[in-house]
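Here is the structure we will look at, set down as structure tokens.
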Amino acid sequence: MEKEIVSLQESRNLAQRLLAYEAVGDENSAPSESAASRVCAKLRGPLITLAGVAGFRSLLSRALTLARAEVPNLSAVQIAADGSLRGLDELVSQTDKEQARDGGAILIAQLVGLLLTFIGEGLTIRLVQDVWPEAAFDGRVSEKRGKLERTR
């Protein structure tokens with residue numbers, strides 16, 4: 001049970017750091033695109049390379065199912081055939097911004113948690129470093145032991 005709690009905390013910590021990093025914004029991102037959408041889109045490519053489109057869609061579908069149990073408003077979010085998310089950014093217009101942001105954070109935490117479970121901390125960290133090479137990341141998931149921040 002203790003390992004399960006640590007894993008949940010670690011996945012939420014890593015998800016929060018990735019979301020905070022993306023919240024700083026990318027000049028190329030659409031103003032209406034949420035940090036959660038950007039994190040998911042950036043993870044999509046390498047995860048499709050690793051597991052194929054069907055594998056990534058299955059992983060994201062499971063993460064979305066788990067997140068919906070905590071945030072029922074995510075029922076409007078769908079996964080397209082190519083593995084992209086549809087409807088996450090529209091939640092902002094349907095709910096308040098904080099609730100939409102929390103839903104996105106829970107979705108990313110569930111996705112990260114599944115990655116930690118299925119491919120392990122080492123490969124998850126490597127994947128994060130490959131996706132965000134400009135980030136200062138010391139190779140650990142736990143917030144107490146590591147950090148992820150934008151470097152210039």
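Things to note:
- Order of Asp82, Asp89 under a 10 Å beta carbon neighbour criterion, fewest first: Asp82, Asp89
- Least to most buried among Ser58, Ser34, Ser11 (fewest other Cβ within 10 Å first): Ser58, Ser11, Ser34
- Sorting Glu134, Glu70 from the fewest to the most surrounding beta carbons within 10 angstrom yields Glu134, Glu70.
- Distance from the alpha carbon centroid of the range 97-116 to that of the range 67-84 works out to 11 angstrom.
No lab work stands behind these numbers, since they all come straight from the coordinates. In this text the structure is predicted, and so the values were computed from the model without any measurement. With ideal geometry, Cβ positions are generated from the backbone for all residues, glycine too; neighbour counts draw on all protein chains shown.
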